[in-house]
Amino acid sequence: MIPIEGLFETHLTVRSLERSIAFYRDKLGLTLAREFPERRVAFFWIGAPGSTMLGLWESGDGPNRMQLHIAFRVTIEQIEKASAALKAAGIAPLDFNGEPTEQLQALAWMPAVSIYFRDPDGHMLEFLTMLDGDASSRPL
């Protein structure tokens, strides 16, 4: 098998494409790559154009909704400001269990630190920074 070098694209279903475009573009600062209104889908670049893409597909208000998780890689300097930046954007910073917090969450087994938050459809999003050091001897 060929070695996988990274993730290029992932998708989320959303109830309102317009609301989600506003959230990901205006609150998170992602670059809108392309919108296809006739298909009710929009694509965003994560990082530099051509590196990673997020697709948002409008599914409407049906009763069967999934809440998924995506982690966005950020720098150590950015994660230190993440809680304040989220609050300034009107987004509640959350811990791993979805409870309000202002503290970064330690993931010792990786090792990493992160903070979580939700998009308008309840998808659990995360800012994550990998830390230096050997994680092999750390507890889960």
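Observations
- Of the residues making up region 91-137, those that are at pLDDT 95 or above and acidic (Asp, Glu) number 5.
- If you filter region 1-34 down to residues that are in contact with a helix residue (DSSP H, G or I) (Cβ under 7 Å, 6 or more places away or on another chain) and farther than 12 Å from PRO120 by Cα, you find that the one that is surrounded by the fewest Cβ atoms within 10 Å (Cβ to Cβ) is LEU32.
- Positions within region 1-37 being among the acidic types (Asp, Glu) and at pLDDT below 95, in sequence order: GLU5
- Residues of region 38-67 satisfying the condition of being at pLDDT 95 or above, closer than 20 Å to PRO120 by Cα and open to solvent by less than 70 Å² (accessible area, probe 1.4 Å): ARG40, VAL41, ALA42, PHE43, PHE44, TRP45, ILE46, MET53, LEU54, GLY55, LEU56, GLU58
- Residue list for region 64-80, restricted to those being assigned to a loop (DSSP other than H, G, I, E, B) and without any contact (Cβ under 8 Å) to a residue 12 or more places away in the chain: ASN64
- The one condition in (1) under 14 Å from the mean Cα position of the chain (by Cα); (2) touching a residue at least 60 places away in the same chain (Cβ under 8 Å); (3) more than 27 Å from ASP134 (Cα to Cα) that ARG19 fails to fulfil: (1)
- Under the condition of being open to solvent by 30 Å² or more (accessible area, probe 1.4 Å) and part of a strand (DSSP E or B), the residues counted in region 87-106 number 3.
The values are calculated or read from the model by the stated rules, or taken from the named source; none is laboratory data. Being a predicted model, the structure only gives us computed values, none of them experimental. Here Cβ is always computed from backbone atoms with ideal geometry, including for glycine, and neighbour counts include all displayed protein chains. Accessible surface is based on the protein model in full, side chains and every heavy atom, while ligands, DNA and RNA are left aside. Shrake-Rupley method; radii C 1.70, N 1.55, O 1.52, S 1.80 Å.
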